[in-house]
């Protein structure tokens, strides 16, 4: 085996190893990103769960029901925003992601819908 052939084999082997390690690194990064996105969605779902529970409770009681409930100012140290569409859809914007959740009861009388104090009224 000549020196030139050994050098060429070394370069080819190094290139294959580099491609392999880059592929493994990309795979790990994708997995970590997926885990973070799932966690963010779960935290957003917990927020909507509070709203859903309040909506179901308000729907099941007599008209004139009024209740104050609180949502946290931040979730896991990060601000978020909520918006209600058609009384049944809640959009949560959290850590750069937009999450859509559906409520079990129509919510049209919640003021304001967001972090902090919220008031729900059953007309």
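Taking the conditions (1) exposed (fewer than 15 other Cβ atoms within 10 Å of the Cβ); (2) modelled with pLDDT of 90 or more in turn, residue 121 satisfies each one other than (2).
Looking across the stretch 103-118, the residues that are exposed (fewer than 15 other Cβ atoms within 10 Å of the Cβ) and part of a strand (DSSP E or B) come down to 111, 116, 117. Of the numbered criteria (1) in contact with a strand residue (DSSP E or B) (Cβ under 8 Å, 6 or more places away or on another chain); (2) loosely packed, with under 11 Cβ neighbours inside 10 Å, the one residue 82 fails is (2).
Looking at the stretch 85-102, which of the residues that are over 11 Å from the mean Cα position of the chain (by Cα) and closer than 15 Å to residue 42 by Cα is surrounded by the most Cβ atoms within 10 Å (Cβ to Cβ)? So that I can check it myself, show each step before the final result.
First pass over the stretch 85-102, keeping only residues over 11 Å from the mean Cα position of the chain (by Cα): 85-90, 102.
Applying the additional criterion that residues be closer than 15 Å to residue 42 by Cα yields 90, 102.
Working: 90: 22, 102: 10.
Residue satisfying both the conditions and the ranking: 90.
Any chance the stretch 5-19 includes a residue that's out of contact with any strand residue (DSSP E or B) (no Cβ under 9 Å at 6 or more places or on another chain), outside any helix (DSSP H, G or I), modelled with pLDDT under 95 and loosely packed, with under 11 Cβ neighbours inside 10 Å? Lay out the reasoning, then the answer.
We begin by selecting, within the stretch 5-19, every residue out of contact with any strand residue (DSSP E or B) (no Cβ under 9 Å at 6 or more places or on another chain); these are 5-19.
So of that shortlist, the ones also outside any helix (DSSP H, G or I) come out as none.
No, that holds for no residue.
What are the residues in the stretch 47-102 that are free of Cβ contacts under 8 Å to residues at least 12 places away in the same chain, under 17 Å from residue 115 (Cα atoms) and part of a helix (DSSP H, G or I), if any? Across the stretch 47-102, the qualifying residues are 49, 53.
The values are calculated or read from the model by the stated rules, or taken from the named source; none is laboratory data. Being a predicted model, the structure only gives us computed values, none of them experimental. Using ideal geometry, Cβ is built from the backbone for each residue, glycine included, and neighbour counts are taken over all protein chains shown.
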